[in-house]
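Student: Sharing a structure here in structure tokens format.
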Amino acid sequence: MDRYQTILLFGAPGAGKGTQGAILGRIPGFFHLSCGEVFRSLDIHSELGEIFYEYSSKGQLVPDDVTVKMWAENMHAQTVLSLYKPHDDLLLLDGIPRNVHQAELMEEYIEVLGVVHLVCPDKEAMIKRLRRRALKENRIDDAQEDVIRNRWEVYENETAPVLDYYSKDLIIEVDAVGSPASVLQHVLEVVVPIQDSHFNNPISGEED
Ligand code: ADP
């Protein structure tokens, strides 16, 4: 199997990975997958749904083996449905890998062409963003201050080290502060050249 050609959207909770990923995923030639969204789409009464609830409600990570297995199965399903076409689409992953062990487990599936690190130096501003989103989107994990702070700690202790796992020249920092449009502009400056060098450009309007 060829490995999926991938860009990782990376950043602390509230940095805007999901917002950027969702916009980019609308552009032909990109496929966006958020691991948190896949988890949230599970039936909460299913076995996996219950495991997700147990961990996410405390701001903890779901165990690695379960997570990577679910992710790989979901990716496979997306290819079978032709929603994701590995030979045409650049994969944008958001929220996975979330620690070094997941990055190791995913080596056999993904070839990482770049890591877009959305950087926001103001932790309190991001915590505010998360609380606003929790109210708007009914997210149990971000409704309580202590759960948010725990998610931050998990990010700093477990997720941030993923940046050291990949070669330094793959990592590109993008300022996460600003309007979604201005952050998007900077993200595009990074991802478009990578797409151009690995894929044939889709013809504009092809999918109309
Ligand atoms: P964020 O707001 O940081 O983007 P997500 O929506 O990605 O949060 O994730 C919400 C919750 O889902 C996490 O707190 C965690 O419990 C679980 N989760 C998501 N992705 C992963 C992953 N790769 N590994 C383990 N748990 C995950």
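Student: Using a simple spin-label model with points 7 Å from Cα along the Cα→Cβ vector, what separation in nm is obtained for residue 169 and residue 137?
Tutor: 3.5
Student: Which whole-number percent gives the relative contact order of the range 4-198, counting Cα pairs below 8 Å spaced six or more residues apart?
Tutor: Taking the mean separation of contacting Cα pairs over the length of the range 4-198, I get 33 percent.
Student: How many percent of the alpha carbon pairs in the range 4-198 exceed a separation of 23 Å?
Tutor: 41
Student: So, in Å, what gap is there between the alpha-carbon centers of the range 12-65 and the range 76-114?
Tutor: Taking the Cα centre of the range 76-114 as reference, the centre of the range 12-65 is 14 Å away.
Student: DSSP loop chymotrypsin sites (Phe, Trp or Tyr not before Pro) in the range 136-200 with at most 16 other Cβ atoms within 10 Å of their Cβ, which ones?
Tutor: 166, 199
Read-outs: derived from the displayed coordinates by stated rules, not from any lab. The structure displayed is predicted, hence computed values, not measured ones. Note that each Cβ is placed from the backbone with ideal geometry, even for glycine, and that neighbours are counted across all protein chains shown.
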